[in-house]
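The values are calculated or read from the model by the stated rules, or taken from the named source; none is laboratory data. Here the structure is a predicted model, which is why all the values come from computation and not from measurement. Note: ideal-geometry Cβ built from the backbone for every residue, glycine included; neighbour counts use all protein chains shown. In case anyone asks, the SASA skips ligands and DNA or RNA and just uses the protein heavy atoms, side chains included. Shrake-Rupley method; radii C 1.70, N 1.55, O 1.52, S 1.80 Å.
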Amino acid sequence: MIEKEFHHILRKYLKGKGTTQEEQVIDQFYERNQRKDLINGYTEKEEAEAKHLIKSNVLGAIRSKAQRNKRAVQRRYMQAAASVIILFVASLATYQMLTSDPEVVYLTKTTEKGQKATITLSDGSEVKLNSESTLIYPETFTGNVRHIQLKGEAFFKVAKNQSKPFKVSSYDLVTTVLGTSFNISAFPDKDIKVTVATGKVEVASDDQQYELTPGEQVTYQFTDKRLVQEKVIVDSYVAWKNGILQFNKSSLPEIASALERWYGVSIVFKEDQSDHCQLRITFDNLTLTQALEQLAIVADVYYHFKGNGQIEINGVGCSN
């Protein structure tokens, strides 16, 4: 990352306008005290403010974790501190990607709720980016590895190149291919899922590694930091790229969360939802109203628009 780019990112950070990835880069920079020469030119007040923000972020993460865990105080803070360390380690991939080669220009594509995008990379690979997702990628691939980072969900159709592996970093997980098509779902606070449509894919965490073939999926479970491999119906996980949402034994809140992301709305429930309500439902290129009508019939609930993009659902799903 050249000095000019670093200054730009740091200024945005100080104003609270940086992206998640940019904030991670700055946090990682100060945490490891690397390239102190780049600080030159900032006032003492600006530098102190940046360090205070970083310290607040770390302490805030620790306190938040501790409050959610009611176990012994020492164990609470050890687990919370560990989660913060994991956050820094996860951001290191981005940091290294942005600083390893000063000649490489990295681009960031972010989609909001209700938005999707298709990105063609410099090697001809195609990436379909789902809503509320971010892709960081080089303007031109250089070196022996094609390395990008994903937060959210995307379907990849990778151009074959036996001499240059294609790697996707998603938090603690790295997916490596030579040329194939696959889907990665890596939203915050949810287990990561890698689903293979064609070819072979290697998925690795810190201490586990699997090779997947078509029809196989690996789930990275954050709670116990392990990978679980299984056979799946691929269409259920990749149909979204064709405008189709498929759910197989999904709860009403899970479906509502997907609809929020897909249509760019907010859905609230007037009543608590039953845990036993597991639905099978498909939305095939429907408008929002059509999707809500179908959901109301299948789940036996009612809905109404409250304005400002908010929708209220009444009734307990699967109550009959």
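If you take the residues in segment 170-215 that are among the basic types (Lys, Arg) and within 24 Å of Arg261 (Cβ to Cβ), which one is least open to solvent (accessible area, probe 1.4 Å)? Per the stated criteria, the residue is Lys193. Taking the criterion of being part of a loop (DSSP other than H, G, I, E, B), open to solvent by less than 50 Å² (accessible area, probe 1.4 Å) and out of contact with any helix residue (DSSP H, G or I) (no Cβ under 7 Å at 6 or more places or on another chain), the residues of segment 125-141 that qualify are Ser125, Ser133, Phe141.
Screening Glu260, Glu293, Glu312 for residues that are touching a His at 6+ places or on another chain (Cβ under 7 Å), more than 27 Å from Thr198 (Cβ to Cβ) and not in a loop (DSSP other than H, G, I, E, B) leaves exactly one candidate, Glu312.
Considering segment 232-254, and only residues there that are of a type outside the set (A, V, I, L, M, F, W, C) and under 15 Å from Phe182 (Cβ atoms), the residue that is least open to solvent (accessible area, probe 1.4 Å) turns out to be Ser236.
The residues of segment 159-169 include none that are open to solvent by 60 Å² or more (accessible area, probe 1.4 Å) and touching a residue at least 60 places away in the same chain (Cβ under 8 Å).
Is it the case that some residue within segment 216-231 is part of a loop (DSSP other than H, G, I, E, B), open to solvent by less than 50 Å² (accessible area, probe 1.4 Å) and out of contact with any His (no Cβ under 9 Å at 6 or more places or on another chain)? Checked segment 216-231: no residue is part of a loop (DSSP other than H, G, I, E, B), open to solvent by less than 50 Å² (accessible area, probe 1.4 Å) and out of contact with any His (no Cβ under 9 Å at 6 or more places or on another chain).
Within segment 142-158, restricting attention to residues that are touching a Lys or Arg at 6+ places or on another chain (Cβ under 9 Å) and outside any strand (DSSP E or B), the residue that is most open to solvent (accessible area, probe 1.4 Å) is Asn144. In segment 145-186, the qualifying residues are those that are touching a Leu at 6+ places or on another chain (Cβ under 6 Å) and of a type in the set (S, T, N, Q), and the one that is modelled with the lowest pLDDT is Gln162.
The set of residues from segment 161-198 being assigned to a strand (DSSP E or B), aromatic (Phe, Trp, Tyr) and farther than 17 Å from Tyr237 by Cα comprises just one member, Phe166. Residues in segment 174-220 that are over 18 Å from Ser125 (Cβ atoms) and of a type in the set (D, E, K, R): Asp189, Lys190, Asp191, Lys193, Asp206, Asp207, Glu211, Glu216.
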